[in-house]
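Enquirer: I'd like to ask you about the structure that follows.
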Amino acid sequence: MRIGVIGAGRMGGTLARWCAESGHDVAVTSRHPERLHFEDEASVQVLSIPQAATFGDVVIFSPNWSSAFEALEQTRGLLADKVIIDVTNPDIPDDISGLEALMDRAHEGHWAKAFNTVPADVLSRRRGHDPLMTEFVCTDDRDARQAAAQIIRDLGFAPVYAGGAHAALLTETGGPLQMREVDVKDATDVLAEAMTIRPL
């Protein structure tokens, strides 16, 4: 699979390397691609934001929230028919306007929310270990759900469907699933609890 990773901070850079380790072809970028160093990863290219968006069949969208809308502007018209895995979290809890703004742009492609509940160091510690750690997926799109689930499995986690697009509010800043390290065996109960805390 060809994967473009937009945003090469701790999370984006980590996911880019893991995707490459899992056999995917990866293009990674940031606001300053000239500062990125992936020389040891033969299947990782460093490209500009528009080039990385064009490269990927799947685009992992992981810039800092403060630069998310700038990155979206640079990908305008380039995400049609692509799966977009949105890793961002709004800076302000319950920032539904931020989610809706991203969703408005995501109509160009097939949007899913994943990899946004815990930081990269937790993922690194839990990756591939039994019991597998849950990665919640929120989307209304079948293609996005399937692609996100495949990548989550490839990277050593267990995908669990949490609901449609607005279920992302459970996983983002201020949501009951944010910063929850959930084993797959407990995922159903934890998700049900989260929905009682914050009905959708």
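Enquirer: Could you compute the longest span of the chain free of GluC sites (Glu not before Pro) located in DSSP loops and having at most 14 other Cβ atoms within 10 Å, not counting the site residues? Present the calculation step by step, with values, prior to reporting the outcome.
Expert: Details: sites that count: Glu39, Glu181.
My reading of the result: 40-180 is the longest stretch.
Enquirer: Per residue, how many Å² of accessible area does the chain show with a 1.4 Å probe?
Expert: On the way: 9010 Å² over 200 residues.
On a per-residue basis, the chain sits at 45 Å².
Enquirer: As an exercise, take the mean of 1/r over every pair of distinct alpha carbons in the chain, invert it, and state the Kirkwood radius in angstroms. Intermediate values should be presented prior to the final figure.
Expert: Numbers: mean 1/r = 0.0604 Å⁻¹.
The Cα-based Kirkwood calculation yields 16.6 Å.
Enquirer: Then there's this: Give the long-range amide H neighbours of Tyr161: residues separated by 5 or more places, or on another chain, with amide H under 5 Å away, using H modelled in the peptide plane at 1.01 Å from N.
Expert: Here Val137 satisfy the definition.
Enquirer: Using amide H atoms built in the peptide plane, which far-off residues or other-chain residues are under 5 Å from Ile84 H to H?
Expert: Those lying under 5 Å, H to H, from Ile84 are Val59, His110, Trp111, Ala112.
Enquirer: Can you compute 3J(HN,Hα) from phi for each residue in the range 111-124, using the Karplus curve 6.51 cos²θ - 1.76 cosθ + 1.60 with θ = phi - 60°, rounded to whole Hz and x for Gly and Pro?
Expert: Result, ordered by residue: 8, 9, 9, 6, 6, 10, 8, 9, x, 4, 5, 5, 4, 4 Hz.
Enquirer: Using the Karplus equation 6.51 cos²θ - 1.76 cosθ + 1.60 (θ = phi - 60°), what ³J(HN,Hα) coupling, rounded to whole Hz, does each residue of the range 70-79 give in order, writing x for Gly and Pro?
Expert: Once rounded to whole Hz, the list reads 4, 5, 4, 4, 6, 10, 4, x, 9, 9.
Enquirer: Oh, and also: Within the P(r) computed for the range 1-68, what percentage of the Cα pairs occupies the region above 20 Å?
Expert: Summing the P(r) tail past 20 Å for the range 1-68 gives 12 percent.
Enquirer: For the chain, what % of the accessible area comes from carbon and sulfur atoms, probe 1.4 Å? Walk me through the intermediate numbers first.
Expert: On the way: 4330 of 9010 Å².
Exposed carbon and sulfur together represent 48 percent of the surface.
Enquirer: Then there is this: Taking the Cα atoms only, what angle lies between the long axis of helix 96-106 and the longest principal axis of the chain, rounded to 10 degrees?
Expert: Between helix and principal axis, roughly 50 degrees.
Enquirer: So how tilted is helix 10-21 from the main axis of the chain? Cα-based, degrees 0 to 90, rounded to 10.
Expert: 70 degrees
Enquirer: So what's the gap between the Cα centers of the range 34-76 and the range 4-20, to the nearest angstrom?
Expert: Rounded to whole Å, the Cα centres lie 9 Å apart.
Enquirer: In deg cm²/dmol, rounded to 500, what helix-only [θ] at 222 nm does the chain give when every DSSP H run of at least 4 residues adds -39500 (n - 2.57) and the total is split over its residues?
Expert: Numbers: 8 runs with 75 residues, N = 200.
The helix contribution divided over the chain gives -11000 deg cm²/dmol.
The values are calculated or read from the model by the stated rules, or taken from the named source; none is laboratory data. Source: prediction; values computed, not measured. When we count neighbours, we look across all protein chains shown, and the Cβ atoms used for this are built from the backbone with ideal geometry, even at glycine. These area figures cover heavy atoms from the full protein model, side chains too; ligands, DNA and RNA do not enter into them. Shrake-Rupley method; radii C 1.70, N 1.55, O 1.52, S 1.80 Å.
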